Amino acid sequence: MNWGLGGAMRFFYSLWAKTYLLSRRNNLLELEVSGDLVERKPGTSLIQKYMGRPPTAFADLIFSLKEAESDPRIKACLARIGDNALGWGRAGELREALHRFRAAGKKAFAFLEQAGNLEYFVATACDEIILPPSSTLDLIGLLSEVLYFKGILDKLDIKPEFLAAGKYKSAAEPYTRESMSDEHREALDAILDVIFSELVSAISAGRNLPSDQIKLLINQAPLLPEDALEQKLVDRLMYSDQLDEHIESVIGEPVARINAEHFYRLRVNARSGLDIFRRIPQLALVYATGVIESGDREDYQDLEENVNAEQMLKVLASIRENPKIKAAVLRIDSPGGSAVSSDLIWREVRLLGQSKPLIVSMADTAASGGYYLAMAGERILADPCTITGSIGVLAGKINLRGLYHKFGLKKEQVKRGENADLYSDYSDLSGTRRDQMTREIEHFYSRFVEKAAEARKMSKDEMNQKAQGRIWTGKQALELGLVDSLGGLRKAIDLAKQAIGLGPEERALVEIYPKPRRKLLPPFRFPIPHLPFSSDQEARWLADFSRLARDKILLLMPFLLRIR
């Protein structure tokens, strides 16, 4: 058999991986639940590969736990939980993976390097929660803050002019209002209610405490470490260097750690050598992560933060036309973005779904344009706290005429056509211009609702009642019929296997798309300028919002949502 150079290298690397796993006999899987925890690992430069540490891929944590379930050498896992970029959806997904690990007869330990609400939420899925003696337990309850810019825009004579289809579509409110609308508050209250209920339920089940006592403790937090121990919210107070001795006493043998990502790669590579002797069914795992944009991606290619329409169309078409790929999973973590780009990608997703099984997995957020993509799938899965829905449309512009005049600047316009200055930052959005833009967004909203109704097998009137630009949690979306079931990426891949006749434990080769690009030098991130009282996340949101202005009509989540 002529393997070729690639096949031979893969075979010998597989032998090395097997030998390494057998010789090291690691028994403790160590998960670093901190930092960016990206959905799709970006291309690693040579410098990063040998001198730095690339961000952890969230899927590697989930699937390392799955691999460890069936590895008799792995006796336990240690989740070192620090400040991280997880949302509540993916945090719930990680909890589910830890529960499955424990169900296989393994022990799970959580070491809280950062002890906030979300970090503790993850930790409650473990057998033991360990807190450093000097750390407080910041289980203080949930907060979501919205920063309003209208006051400062008024001082600068900047006039935001936005229109929305859907009474809950409030993405532009921070620019057009000085305070929260009743609809905005209603939607946000409902989201907080669900997530708070999930938090309390997780603590109650994990710590065997009544819900009323947990709510009382939350109101008394932050808790000193001794108080957290006394109230049975944590099991032990110890430093990091004392962990091995304690874990050894539990599992009955000296601790030999292995990093979760490293373990997962070794397990995958140990099996891959046999793939050259047999045909393994292929699945495509397609990531749609970040704001949905059109145009050239070269200016931010390395950051891997946004969904580029041109790139995504090519990827989806290539998967559809590849006979070796038998099914696909579309993993979405996006607040939406350009309406036109969302529609173009939706079309390719739908064509892919018509040619082979397609399962959609929602991560932290799949709202507005993110949900637009999702509704083309055969089945849609969400976690209980995934933010989804927001079936609505936004359009408008920022009128800078007053700011120009304040600085002594003036524009002279010469035009042909009554509405030629529709998108100019020097003209008011009034009269026929406003009427024209209103017609546009109402037309797009109607199409959005129609497509969602068809996909979810509802009447248009029924879907319209659930739309209106309102966001929902995955748990609410399931009750409303906007998703098919609750579950994460692991379940989505199992369903894709099932669709092509494979069992959950049968082998399938999962190919990641879009392919990460490798470069010699790492990307150089320049800080985004922002107001001193705004966060980095708000600054990035503003940058995305301004960059999307050229797309005119947006399917964008109704407001920046961060709940910690």
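Each value in this text was obtained by applying a stated rule to the coordinates, not by laboratory testing. Just so we're clear, the structure is a prediction, and the values are computed from it rather than from any experiment. Here the Cβ is made from the backbone with ideal geometry for all residues, glycine too, and neighbour counts use every protein chain on show.
Just to confirm the filter: which trypsin sites (Lys or Arg not before Pro) across segment 302-359 are DSSP coil and have at most 16 other Cβ within 10 angstrom of their Cβ? Passing sites in segment 302-359 are 324. For residue 467, nonlocal amide neighbours, meaning residues 5 or more places apart or on other chains whose placed amide H falls under 5 Å from its own, do not occur.
When a/c reaches 1.5 or more, the comparison of a/b and b/c decides; with that in mind, is segment 319-388 rounded, prolate or oblate per its Cα gyration tensor? The shape class here is oblate.
Expressed in units of 2.2 N^0.38 Å, where N is the residue count, the Cα radius of gyration of segment 55-97 is 1.22.
Each residue, residue 465 and residue 279, gets one label point 7 Å from its Cα in the Cβ direction; the gap between the two is 5.0 nm.
Sorted on the mean count of surrounding Cβ atoms within 10 Å across their residues, most packed first, peptides 415-427, 396-408, 379-391 read 379-391, 396-408, 415-427. Separation of segment 213-286 from segment 73-90 is 6 Å, based on Cα centroids.
Please tell me which of these pairs span more than 21 angstrom C-alpha to C-alpha: 75/491; 66/491; 169/466; 150/406; 356/497? The pairs that break the limit, which is 21 Å between Cα atoms, are 75/491.
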